[in-house]
Amino acid sequence: MPIVELPGLIDAHVHLRDPGGTHKEDFYTGTCAALHGGIVAVLDMPNNIPPLTDTSTLAEKKRRAAEKAVCDYGFFVGASTDNADAVGNLRDAVGLKMYLNESYGPLRLEQLPLLMKHFQSWPKGRPIAVHAEEHMVAVAIALGQLYGQHVHICHLSRRAEMELVRRAKERGWKVTCEVTPHHLFLSEEDQRALGALAYMKPTLGSAEDRQALWDNLDIIDVVATDHAPHTLEEKKSAQPPPGVPGLETMLPLMLTAVAEGRLSLDRLVSLTSTGPARVYGLQPQQDSRVVVDTDACYEIDASHLFTKCSWTPFQGWQVKGRVLRTYVRGTLAYEEGRILVAPGYGIQIGLY
């Protein structure tokens, strides 16, 4: 049984729903799910209710995480219609998140002058992470180049978007990007079969779009889950919200891809650990690691997940690679189905 030790994963894109949606997930259940998935740190998005856009909402999120989290964490601050002048003062945020297309939650920016103001005022050297789809990817890249900003394109899902990022990188522009496991492994055909359980933003692309992500893996900086849980009741409603859970399925899916020869183990580490740390300027997490059995073959079963929403679009998938133990800062935090650290063990990850 080949046991492999890897650097602990950093999930650079999660929605832990705390505050405002803790019936779906909270900092305790979400970080338990992270440990189960071999993830030692998560970067939490700001589109809560209320959204994280200022000093007081950041303080409240810090308080909640300090009480509940069992892995380490960082926070994005959200760009809103009225905080462009002050948001850059939140120095310990990992980055600014801008929503340029329809998503879930109260944050969205549509007016070009407001986008320009945020790009102009955000401190240089700190990434601007954007939810941008199709032509808005071009807008975000152009604004980043115009104002000398590092733009990180979240959850790329289409062939044309990959082409834009490749061209920008070839020109030496400050552009990085991420993809999600659900866009790497699912397509619009799966949405027809799974219905709302495969509905997310961006929506699933064609089989050709999915293949384009694999074909352009060399320019992708990060694989992140966009963990966005909702209850089954919400997903089965007449107006299901977009989003799927992913913290506990990312590593098994990616290890299966390694076993199939689609990428190397070193490249997996780059995409899920060193890549996120480089993009967001995160300080190294000393002795945070995950031990996996790369030969373990099993079926993904939602009844074994720690996420509060208790479902997955990958239900029944055969995967190869099981997390045995997860260490956070040298402490054994998870082992074979058990969380071994108390709520509040996690700390806010440091920035360079």
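The values are calculated or read from the model by the stated rules, or taken from the named source; none is laboratory data. Since the model is a prediction, treat every value here as computed from it, not as a measurement. Cβ: placed from backbone, ideal geometry, glycine included. Neighbour counts: every protein chain shown. Remember, those area values only see protein heavy atoms, side chains included, never the ligands or the DNA or RNA. Shrake-Rupley method; radii C 1.70, N 1.55, O 1.52, S 1.80 Å.
Quick notes
- Of all DSSP-defined beta bridges confined to the chain, some 45% are antiparallel rather than parallel.
- Fraction of accessible area attributable to carbon and sulfur, the range 117-232 (%, probe 1.4 Å): 49 percent
- Label corresponding to semi-axes √(5λ) of the Cα gyration tensor in Å when calculated from the structure given, among [x] 36, 29, 19; [y] 59, 22, 17; [z] 28, 23, 20: [z]
- Taking a ≥ b ≥ c as the square roots of the eigenvalues of the alpha-carbon gyration tensor, the range 209-352 is classed rounded because a/c is under 1.5.
- Solvent-accessible area per residue in the chain equals 38 Å², computed with a 1.4 angstrom probe and all protein chains kept.
- Pairwise centroid distance, computed over Cα atoms, of the range 195-269 with the range 87-106, Å: 22 Å
- Distance between modelled label sites at Gln120 and Leu340, nm, 7 Å Cα→Cβ extension: 5.4 nm
- Packing here is the average count of other Cβ atoms within 10 Å per residue, and on that basis the peptides 31-39, 238-246, highest first, run 31-39, 238-246.
- Share of carbon and sulfur in the accessible area of the range 246-297 stands at 47%, probe radius 1.4 Å.
- Using C-alpha pairs below 8 Å separated by at least 6 residues, the relative contact order for the chain is 24 percent.
- Mean-position separation - Cα centroids, the range 163-191 and the range 115-147, in angstrom: 16 Å
- Full extension of the chain segment joining Thr203 with Gln283 gains 25.5 nm, where the gain is 0.36 nm per residue of separation less the Cα-Cα distance.
- Mean Cβ count within 10 Å, highest first, over the residues of peptides 159-168, 6-15, 57-66: 6-15, 159-168, 57-66
- Additional length obtainable on full extension of the chain from Asp218 to Glu134, 0.36 nm per residue less Cα span: 28.2 nm
- Set Lys117/Lys174; Lys62/Lys236; Lys201/Lys236; Lys174/Lys320; Lys169/Lys320; Lys68/Lys124 screened for pairs whose C-alpha atoms are more than 28 Å apart: Lys62/Lys236; Lys174/Lys320; Lys169/Lys320; Lys68/Lys124
- Once the Cβ-Cβ distance of Gln211 and Ile347 is raised to the sixth power relative to R0 = 41 Å, the FRET efficiency obtained is 0.55.
- Residue ranges 68-80, 299-311 sort as 68-80, 299-311 when ordered by packing (mean number of other C-beta atoms within 10 Å per residue, highest first).
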